[in-house]
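Nothing in this text is a laboratory measurement; each read-out follows from the coordinates by a stated rule. Here the structure is a predicted model, which is why all the values come from computation and not from measurement. Counting neighbours? That spans all protein chains shown, and the Cβs are built from the backbone with ideal geometry, glycine included.
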Amino acid sequence: MRAKLPKRRPDGSFCIEMQLSIVTNDSTVLATRMNGWIDAWVLANRYWECPMAKSVGGVFDFYDEFIWPPYCVVGNAGSVSIKVEGRPGAGKWWKDWILSRMMRDLIAMFKEVQRPVLEEFRYCLEEQSPEPELEEIKRVSMDNL
């Protein structure tokens, strides 16, 4: 049986982490640049006019699904990870926001991101430590982005 994504916390919120393949001499600088770009992307794309959003007046609001903008953290050598924190009660649209919209634009903006783009797709476990443990749920390729 496939895991239901994402795994929810007791309050209904969730955290996922996407590890990206990159080529750069300085992952920290790249993560900083990506964080600035993601913040600007969320500001510019906060409202999404979508025919499937009839129940909310035809417009989705990013902050109805997410606690704050996704953010980059430096991963293993040759990777950065993007963490996404979803609100309790967030619907099924988080994947469209992140995978179909934001990631497509991020890949176009940053030539350092390599294919296959997404090395790992994980959810964050709840142990509160400086480096939370992560449990891999599946590996995916985003070659179609």
Quiz item: Quick one: in the stretch 4-40, which of the residues that are small (Gly, Ala, Ser) and part of a loop (DSSP other than H, G, I, E, B) is nearest to the chain's Cα centre (by Cα)?
Solution: SER13
Quiz item: Restricting attention to the stretch 64-86, and to residues there that are within 18 Å of THR28 (Cα to Cα) and either in a loop (DSSP other than H, G, I, E, B) or without any contact (Cβ under 8 Å) to a residue 12 or more places away in the chain (or both), which single residue is nearest to the chain's Cα centre (by Cα)?
Solution: PRO70
Quiz item: Considering the stretch 87-114 alone, what residues qualify as being among the aromatic types (Phe, Trp, Tyr), closer than 18 Å to TYR47 by Cα and assigned to a loop (DSSP other than H, G, I, E, B)?
Solution: TRP93
Practice problem: Only residues that are of a type outside the set (S, T, N, Q) and without any contact (Cβ under 8 Å) to a residue 12 or more places away in the chain: list them for the stretch 16-49, please. | Solution: ASP26, VAL29, GLY36, ALA40, LEU43, ALA44, GLU49
